[in-house]
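The values are calculated or read from the model by the stated rules, or taken from the named source; none is laboratory data. Here the structure is a predicted model, which means the values were calculated and not measured. So basically every Cβ, Gly included, is an ideal-geometry build from the backbone, and we count neighbours across all protein chains shown. The accessibility values were calculated without ligands, DNA or RNA, using every heavy atom of the protein model including side chains. Shrake-Rupley method; radii C 1.70, N 1.55, O 1.52, S 1.80 Å.
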Protein chains: 4
Amino acid sequence: MSMPPSPACAFASDNAAGAHPLVLEALVEANHGHALAYGEDRWTKRCEALFDELFGQPVTTLLAVNGTGANVLALAGLLNQAEAVLCSDWSHINVDETGAPERVLGAKLIPLRSVAGRVSVAEVERACGALGNPHHAQPGVLSLTQSTEWGTCYSVDDIGALVEAAHARGLRVHLDGARIANAVAALGHGVGGLREMVVETGVDAISFGGTKNGLFGAEAVIFLNLDLAARGQYLRKQVNQLASKMRFISAQFCAALEDGRWLDWAGHANAMASELHRATAPLLPEGAIGSPEVNSVFPVLPSEAAATLRDWCFFWDWDTTADQYRWMTAWDTSPDDISRFAAGVAHVLGR
Amino acid sequence: MSMPPSPACAFASDNAAGAHPLVLEALVEANHGHALAYGEDRWTKRCEALFDELFGQPVTTLLAVNGTGANVLALAGLLNQAEAVLCSDWSHINVDETGAPERVLGAKLIPLRSVAGRVSVAEVERACGALGNPHHAQPGVLSLTQSTEWGTCYSVDDIGALVEAAHARGLRVHLDGARIANAVAALGHGVGGLREMVVETGVDAISFGGTKNGLFGAEAVIFLNLDLAARGQYLRKQVNQLASKMRFISAQFCAALEDGRWLDWAGHANAMASELHRATAPLLPEGAIGSPEVNSVFPVLPSEAAATLRDWCFFWDWDTTADQYRWMTAWDTSPDDISRFAAGVAHVLGR
Amino acid sequence: MSMPPSPACAFASDNAAGAHPLVLEALVEANHGHALAYGEDRWTKRCEALFDELFGQPVTTLLAVNGTGANVLALAGLLNQAEAVLCSDWSHINVDETGAPERVLGAKLIPLRSVAGRVSVAEVERACGALGNPHHAQPGVLSLTQSTEWGTCYSVDDIGALVEAAHARGLRVHLDGARIANAVAALGHGVGGLREMVVETGVDAISFGGTKNGLFGAEAVIFLNLDLAARGQYLRKQVNQLASKMRFISAQFCAALEDGRWLDWAGHANAMASELHRATAPLLPEGAIGSPEVNSVFPVLPSEAAATLRDWCFFWDWDTTADQYRWMTAWDTSPDDISRFAAGVAHVLGR
Amino acid sequence: MSMPPSPACAFASDNAAGAHPLVLEALVEANHGHALAYGEDRWTKRCEALFDELFGQPVTTLLAVNGTGANVLALAGLLNQAEAVLCSDWSHINVDETGAPERVLGAKLIPLRSVAGRVSVAEVERACGALGNPHHAQPGVLSLTQSTEWGTCYSVDDIGALVEAAHARGLRVHLDGARIANAVAALGHGVGGLREMVVETGVDAISFGGTKNGLFGAEAVIFLNLDLAARGQYLRKQVNQLASKMRFISAQFCAALEDGRWLDWAGHANAMASELHRATAPLLPEGAIGSPEVNSVFPVLPSEAAATLRDWCFFWDWDTTADQYRWMTAWDTSPDDISRFAAGVAHVLGR
């Protein structure tokens, strides 16, 4: 009994998708003649202006070449000597960056207990008990992921409270926004939602993701706190994040930021995850799949069925001890991919 | 008296050029559907096979995202604990990487006196006098740049002797080949020349440049010494050089490595530098411009003339204390660019 | 109602005690004339011979100047590039060294859940699930504390099983033995117990504490695995642990290692903790104070009583959320100190 | 023909000498009863007060355990993110610390050409040409050694001019004063000379040496710039320089700082070097030995004579390519040592 036709796009990750046609178009357009390297070009100027406009105020934009690098660069800019980073125990910087932060920053990461990927003000306060004690690493930065590794979002109020707790104790706040577009799209207030989320709350610096949202490979570190950005250009080169042919990084972001496309693309991915949930939840036992906040769902599946399913259309494990998996949508996931995938799920589960 | 029409391409740097049309074509071709991230894709497999073929033996290929990062990654793979790097006082890692090697590697760089960008066996031996003394940083890696920052090349024999001196003292050898293509093209022995230069001499690892030779932005770290490559994949992520949508890095190199194009492109740039020298040397005083070995010339010019010239067609200072400048050609420099530029030189010098 | 006469020695920490008279005597003896610096002296040779004799085999002894430094040095010798350290969540290196390991090693510390300060084979195995995944820091060293920060000991079998689990996965094992003397004394097998505990189990390197056991300030890093010690002398200077007038470090250890004194001193401290427990347990509620394995007890006390008591004779908080404190004995704690202190406890508790 | 009786003290180094009897006496005095660790003791308070008094203003005193560690700690306090250290090419931090600064600080050391161990304002200015260029490490600290590794001193005016040049460009100034006592003694203005040299000139932080001047092993990092000292206590632990039984470090400095003894001891060492010069210069060819500024002379000797001499009474090579050696005096060198040594020199040279 063979499987039905498989989806065109699998559900492995949003970084398994390619680049949006408009991003490709922008790259082609930028590939004419010579332009000075390292950001002395008109695409980079344009990109910086677009970010200022997006945040509704002058920001310092440092384009970067990958997500780990962007996080390390942002943290480098925010940390003082002898300081540590508070982050969730599930955070990408703590778990999925091979120790790059510790190596490049020379700083300790202090993992906080999280619930559904989110840390609480109480946990931040508890960790700040170390402040002033010369035997303990001194918390200097709080790093939050939005949307989180668990596909959840902090509310604007959550972020506000966390920033307030951090600032009150002298810490600065970093937002790992590898999927910030998905979080802002989920909030549903357009660009205004971005400003509510990070400007009005007082976030100091953001890793503003591009690669997972339809770019070939481009990230931006945005310093909302301009004082802390002063050494950014030196730090960027020092942490291996300065691209020489910068125009090709900038042009990608220009394409995404024009006309609010970045939000459309992320919104589409989110919608596809909702659709995926809608289509598969009835096929699964009660409680086996939660409703998505952004572009991922985390179904619990019988391991044999999961194995058959993923041989046919790939996706990753999430928590093997609980038979939990991750299905992730992207800017290019289509309704047809969803129906085909749901058909496959139905097939393997015998529904 | 106005300047003549300016060249289409300036002479600032090979990284001011865009990407070759075939590289763009390859990127477009790779941008279809989903592919697993981080190198689990067919373009990366193909790229790795092409590098094995190029070197005539299995090598470990770690694609990277920029030149400083590639150097740091290669050095990280070659260094043991408590070791230092010997390099030329003019080397990119020593002068032009904002201290990234020291920061990310935690290792000392020991600059050796160079002549025309090249270091000698005698200087290496002298620096190795520190070996065994617990108060001195222990040389562990010799890093050579080929072609050098001064537009010169080490001969194959030079490299052989340096590698031998290094290996005899327990050091490993890194080649910063940001412009290795230009050096191999200059040698004139095709792919065989590459193997003579780095395989037969015993070089341990290479930063194999792509960006300066017609790619959008892609570098490769090649470990010829496979033992030393064992930790490479972890180090790559740790030093912020792992691209998620790797296929777009790999596809660029595939385009360059097919049919020996990388050598053609670099050979063209070299030829244009020769042509530039031929066209401008007669306009300058005896000895004011040396004959190029690769794709750059370093003319000495009256500063006022230089200023006028660069306002019209940009290039960089080289040594301001000596009124020396750098004119650099690229894969896309045309004979017409050369004649126009020479006309400009003639114009400002009143010839 | 005034407090009774206070003890001569408080119960703050074993590092609040001074040096043993025999250590002072040795220092005085060593302070004659000139001796070459950095270990080229007869006291250091003697000290190295005493450590070889102690372990019953040739070891590499690197004398160090403080405990954090000794731990960092030992770990530096055991770590390869891109590796992380597994340790207990309560370990000194994780909690009480201000991030020195992360800063100086550039390596991630991965805290394992501990029970009474001890980690389990199961936790080590779980953490080793990251091995081979390029996105996760690669466990390279397991660091155990013996006796632990909670005043407990691993049994010889515990250590054997942990070393076996670590070695089977390619990790090396470090023992933070800031209080190894107390642990060996507690085992009760004399010097043979030390060898059972660390030589026969296969531990690779030890931070062998001296300062907490009657020295002025001296630690030793002992590499049982001689291969891993090869770079130790360079690493020692690099991590700021090389004393110039080394004879004064060595002479301290010589005094302690002669005639098994180190075990006598630690055994005395252990015995005083038992005596302290015996004298105070009847004054406290059932379960408020556990029986000590080494030289500390962790009583739960009413906070007001604790405050009065510590104003009179100082000791530190342990877990403020549980009203738990730490009373620690030292080489110089006397039976009279115990009776006086117990009288004070009785006094404040109204017994 | 046998050598005459050898001196009691050799001329290897001031760190081959032991501790002054008054330092030992202070240690003995401090070794009574318990005292809280990590500086919460009365000797440390006293030591801090003595340093405030010495500098005629409140300073931040961070006692440290060795010279390399003191330098690294001082530099850590002075450096901002992404900054480099300017220092002499002969400086201890550049040549004799096994790369500890690069490893622990993650910062580049930029060696400046020195003459007789001293750097010039012109060299500092030239190196500061890198400021503002994102491709070059950014000079952030100028480190000077006083007295220098070549046994010379900067004049107060030299230091003033260097500090002014550094501060004018935004750099802070560190003084490696491993032998600052010898330099102040040589200046001949007593404690006032210290203040002229470092307070009035505006030096920001000093590694104030003790070990080479009659202590067992103790260094102090003095921040004259109190703002920059704010993170010092955390940095000290992080760079492995926090002693637990701090009273034994403090007591040593107390003994040295009381009654200006530190200057007497260093002045004696200086006087002995003068005497050594006076006694041996007539035995050597014209120009073979320069007159000392502090406590070392650098004679040029026939290598065979030098070998015979050092077998009899040890001293170190200085520049083997020039047959130059170093003879160094200490606080305990006696006039009798000088006459005996001069007799030996006469003997081997056949005078």
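Some notes on this structure:
- Exam field: D:Asp227 pseudo-label spacings to other copies (7 Å along Cα-Cβ), nanometres: 1.1, 5.3, 5.3
- Under the Debye formula (equal points on every Cα, no solvent term), log10 I(q)/I(0) of the stretch C:168-254 at q = 0.25 Å⁻¹: -1.35
- The trypsin sites (Lys or Arg not before Pro) found in the stretch A:105-162 that occupy coil by DSSP, while having at most 16 further C-beta atoms within 10 Å, are A:Arg113.
- Mean ellipticity per residue at 222 nm, deg cm²/dmol - from DSSP H runs of n ≥ 4 across the protein assembly as shown, formula -39500 (n - 2.57): -12000 deg cm²/dmol
- Entry note, the stretch C:195-325: relative contact order of 14 percent, from Cα contacts under 8 Å with a spacing of 6+ residues.
- Exposure ranking of A:Cys153, B:Cys47 by accessible area [1.4 Å probe, largest first]: A:Cys153, B:Cys47
- Averaging the Cα positions of each part gives two centres, and for the stretch B:1-22 and the stretch D:131-206 these lie 48 Å apart.
- Of the beta bridges in the stretch B:161-313, as assigned by DSSP with both residues counted there, near 55 percent are antiparallel.
- Beta bridges assigned by DSSP with both partners in chain C are antiparallel in approximately 50 percent of cases.
- Between B:Tyr154 and B:Thr148, the built amide H atoms are under 5 Å apart, and every one of these is 5 or more places off in sequence or on another chain.
- Listed pairs B:Lys212/C:Lys108; A:Lys45/A:Lys212; B:Lys245/D:Lys108 exceeding 26 Å between Cα atoms: B:Lys212/C:Lys108; B:Lys245/D:Lys108
- Per residue, the protein assembly as shown exposes 33 Å² of solvent-accessible protein surface, assessed with a 1.4 angstrom probe and all protein chains in place.
- Using C-alpha pairs under 8 Å with a sequence gap of at least 6, the mean separation divided by the residue count of chain A gives a relative contact order of 27 percent.
- Charged side chains reduced to their Cβ positions (Lys and Arg at +1, Asp and Glu at -1) give the protein assembly as shown a dipole of some 0 debye around its Cα centre.
- Beta bridges per DSSP with both ends in the protein assembly as shown, % antiparallel, nearest 5: 50 percent
- Largest to smallest in accessible area, the residues D:Val163, D:Val199 fall in the order D:Val199, D:Val163 (1.4 Å probe, all protein chains included).
- With all protein chains modelled, accessible area of B:Asp311 [1.4 Å, Å²]: 130 Å²
- If R0 is 60 Å, the Cβ-Cβ spacing of D:Asp157 and A:Ser155 corresponds to a FRET efficiency of close to 0.40.
- In this assembly of identical copies, the label point of A:Trp316 (Cα plus 7 Å along Cα-to-Cβ) is separated from its counterparts by 3.7, 4.0, 5.3 nm, sorted shortest first.
- Nearest chain A C-beta to the A/D rotation axis, reported as residue and distance in angstrom, is A:Gly106, 3.
- Think of each Lys and Arg Cβ as +1 and each Asp and Glu Cβ as -1; about the Cα centre, that makes the dipole of chain B roughly 620 debye.
- Look at the stretch C:27-39: the mean tally of other chain Cβ atoms within 10 Å of its residues' Cβ atoms is 6.
- Between the stretch B:300-340 and the stretch C:50-86, the Cα center-to-center distance that results, in Å: 57 Å
- 1.4 Å probe, heavy atoms, protein only - residues of the stretch A:134-171 losing at least 40 Å² accessible area vs chain alone: A:Pro134, A:His135, A:His136
- Sorted from shortest to longest, the distances between the A:Arg113 label points of this copy and the other copies are 1.0, 6.4, 6.4 nm, with each point 7 Å from Cα along the line through the beta carbon.
- Expressed as a whole percent, the accessible area of the stretch B:1-150 that falls on carbon and sulfur atoms is 55 (1.4 Å probe).
- Sequence of B:Leu349, A:Leu112 when ordered by accessible area, the most exposed leading, probe 1.4 angstrom: B:Leu349, A:Leu112
- Summed buried accessible surface, chains C and B, 1.4 Å probe, nearest 100 Å²: 1800 Å²
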